[in-house]
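Engineer: One structure follows; several queries about it will come next.
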Amino acid sequence: MSSNNASASSKSLRVAVVGATGAVGREMVKVLHDRNFPVAELGLFASERSAGKVQETPYGALTLKAFDAAVVKGYDVALLAVSGDFAKAHAKDLASAGALVIDNSSAFRYDADIPLIVPEINAHVFREAYAAGSRLIANPNCTTAIAVVALGPLHKAFGIKRAIVSTYQATSGAGAEGMAELEEQTRNQLDGKPVTNSVFRHPIPFNLIPQIDAFQENGYTKEEMKVTWETRKIMEVPDLLVSCTAVRIPTYRAHSEAITLETIQPVTPDAARAVLADAAGVKVVDDPANGAYPMPLNATGQYDVEVGRIRSNLVFGDHGLDLFVCGDQLLKGAALNAVQIAELAL
Ligand SMILES: NC(=O)c1ccc[n+]([C@@H]2O[C@H](COP(=O)([O-])OP(=O)(O)OC[C@H]3O[C@@H](n4cnc5c(N)ncnc54)[C@H](OP(=O)(O)O)[C@@H]3O)[C@@H](O)[C@H]2O)c1
């Protein structure tokens, strides 16, 4: 793992995880523990529905509390993993009370004055904003976070002119309920029982759905446009040409992405491999002859983003590259990235 570990720090902080029962929130608690984040006190918050329930965590069995802004304001760090509406209602208020608020929703990602951070790529943006008093930070869309870990270093080395991204996104991208729907519907289908869907628009077992989030006027979905907008902001290339097709597939966890790049400088697969081998947060898995390439089952539970199938692109020739990327979207695409941001403040 290439990111800094927090254990060396002398500070010890009160940390609130809001949305602690969810797919992202549960991972946040694990990541705080696994990275030895200096936690003086950990508060687990969720909705009224969860208040008083006990959740097993690596810190022991902890009792969940209903979110209460007045209480969470007393924490040093608030990791929000709830929703955009929730973040709009509470994030600024918590941040103005002094807590470092890291929000996983899309509520603030496109605000010019709110940093959108992937530490391997733009930690300097966080540091400048934090030094100037910013306390509300946006965590990126999961697909984008995974992509930029590979695209950032390639852009530095060769310059990216255009990127075309096709995604294969796991059901847990839609939260804990998405995973539960995959499991239950698959069982029902195999048992010959009726298959009903509520999280996804169509049945997900033995299917794939080329729609994630709502369609926009330009025919792209919002998820697809997030990849364009957020890649530009994180990589600080406002006019970067990025087109994405986002597809939900029946896996539990870890998103995969086929990425085609046209570069400004000439590029070879070997040169790209060398750049990626040195890149923070990347693990090159690229031995196709022996069946070694990124796959969601292997990327699951890993901090690093796997990159492989690196080859010259037949359309763009010596200015083109194809890659296949897999990353755990609950980790690098959410919980890990959020904790890494908090580590930048230590
Ligand atoms: N899943 C991903 O791969 C992923 C990746 C990147 C970003 N995100 C973003 O991260 C956020 C959380 O996603 P998720 O997938 O973890 O969702 P999830 O599994 O559905 O969890 C949602 C969490 O929010 C809590 N919650 C709901 N209403 C609340 C309220 N009024 N007050 C306090 N807590 C409340 C829920 O608590 P109860 O159990 O009490 O209902 C639960 O803990 C979303 O904004 C999502 O877009 C998700």
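Engineer: Among Ala23, Ala97, Ala87, which one moves the most in a GNM of the chain with springs linking Cα atoms closer than 10 Å?
Structural biologist: Result: Ala97 has the largest fluctuation of those listed.
Engineer: Using a 7 Å offset from the Cα along the Cα-to-Cβ direction at both Ala280 and Phe206, what is the distance between the two label points in nm, to one decimal?
Structural biologist: If labels sit at Ala280 and Phe206, their model points lie 4.7 nm apart.
Engineer: Rounded, prolate or oblate: pick one for region 219-346, where a ≥ b ≥ c are the square roots of the eigenvalues of its C-alpha gyration tensor, a/c under 1.5 means rounded, and failing that, prolate if a/b is larger than b/c, else oblate.
Structural biologist: Rounded is the answer for region 219-346, as its axis ratio a/c remains below 1.5.
Engineer: Say R0 is 51 Å: what FRET efficiency, to the nearest 0.05, do Ser243 and Asp34 get from their beta-carbon distance?
Structural biologist: 0.90
Engineer: I've got another one for you. What is the calculated FRET efficiency for Arg232 to Ser198, with r their C-beta to C-beta distance and R₀ = 25 Å, to the nearest 0.05?
Structural biologist: 0.15
Engineer: Let me ask something else. Sum -39500 (n - 2.57) across every DSSP H segment of at least 4 residues in the chain, then divide by the residue count to get the 222 nm mean residue ellipticity, nearest 500.
Structural biologist: Here the helix-only value at 222 nm equals -9500 deg cm²/dmol.
Engineer: Further question: Please find the FRET efficiency linking Arg311 to Lys161, where r is the Cβ-Cβ separation and R0 is fixed at 22 Å, and quote it to the nearest 0.05.
Structural biologist: Working from the Cβ atoms, E equals 0.75.
Engineer: Also: Please give the net charge around Gln169, taking every other residue with its beta carbon less than 9 angstrom from that of Gln169, where Lys and Arg add +1 and Asp and Glu add -1.
Structural biologist: Neighbour charge sum, excluding Gln169 itself: -1.
Engineer: Classify region 143-329: rounded, prolate or oblate, from the alpha-carbon gyration tensor (a ≥ b ≥ c, eigenvalue square roots; a/c under 1.5 rounded; otherwise prolate if a/b is larger than b/c)?
Structural biologist: Judged from the Cα gyration tensor, region 143-329 comes out prolate (a/c at least 1.5, a/b above b/c).
Engineer: I would also like to ask the following. Sort the chain into rounded, prolate or oblate with this rule: let a ≥ b ≥ c be the square roots of the eigenvalues of the Cα gyration tensor; rounded if a/c is under 1.5, and if a/c is not under 1.5, prolate when a/b is larger than b/c, oblate otherwise.
Structural biologist: oblate
Engineer: Pick out, in residue order, every one of the chymotrypsin sites (Phe, Trp or Tyr not before Pro) in region 245-330 that is DSSP loop and has at most 16 other C-beta atoms within 10 Å; say none if there are none.
Structural biologist: Qualifying residues, ordered by number: Tyr252.
Every read-out reported here was derived from the displayed coordinates using simple, explicitly stated rules and does not represent laboratory data. From a predicted model like this one, the values you see are computed outputs, not experimental measurements. Cβ sites come from the backbone with ideal geometry, for glycine too, and all protein chains shown count toward neighbours.
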